[in-house]
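One structure is given below, encoded as structure tokens.
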Amino acid sequence: MAFFGIPLVCIAFGTDEAGRIRVARGIIAIGQFAVGVISVAQFGIGIMCLGQVALGVAVAGQLAIGLLTGFGQMAVGTFAVGQLVVGVYARGQYGWAEYLWSPGRTDMEAVAMFEAIAWLFQQDILTIVDELWFMTKTVVLRLFSVFE
């Protein structure tokens, strides 16, 4: 099954007959190397990605580099959570962020944001959608004010 010529699910491991590493490419991509909307891989790229090295929008992994969120041992993202973090709002043991919540530095803006996120996940779906829209607008406006 395919969607606009892209396989719905692609699972690829190992090498092909020519000895080249197989890369999983699909809406849902699973493999050692994977590229997809949802990617699960040792080295993955996707909108939502889970892997040892993960690149995308919302990612989790040992090295997680995400545009929106990064969760991992080393995490980068607008919202980054991990041991070593880099982001706008970050929570971790060590890090660099505009608003950081760590043992060495506690910015109240970071505490408020992460507490708001924790509160958000305890609400009904309409409240969640409304609050996510508000937080997205706030972060986008804050990012544009940084570049002025």
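Before moving on, here are some points about what is shown:
- Checked against (1) in a strand (DSSP E or B); (2) at pLDDT below 95, Ala112 passes all but condition (1).
- Any hit, the range 28-46, residues being surrounded by fewer than 19 Cβ atoms within 10 Å (Cβ to Cβ), assigned to a strand (DSSP E or B) and in contact (Cβ under 8 Å) with a residue 12 or more places away in the chain: yes
- Being surrounded by fewer than 19 Cβ atoms within 10 Å (Cβ to Cβ) and closer than 30 Å to Ser145 by Cβ is a description that does not apply to Ile11.
- Within this structure, Gln52 passes the test of being out of contact with any Lys or Arg (no Cβ under 8 Å at 6 or more places or on another chain), assigned to a strand (DSSP E or B) and either at negative phi or in contact (Cβ under 8 Å) with a residue 40 or more places away in the chain (or both).
- Residue match in the range 102-109 (condition: in contact with an Asp or Glu (Cβ under 6 Å, 6 or more places away or on another chain) and either modelled with pLDDT under 95 or basic (Lys, Arg) (or both)): no
The values are calculated or read from the model by the stated rules, or taken from the named source; none is laboratory data. Note that the structure is predicted; figures quoted are calculated from it, not measured. In this analysis, Cβ positions are derived from the backbone assuming ideal geometry, glycine residues included, and neighbour counts consider all displayed protein chains.
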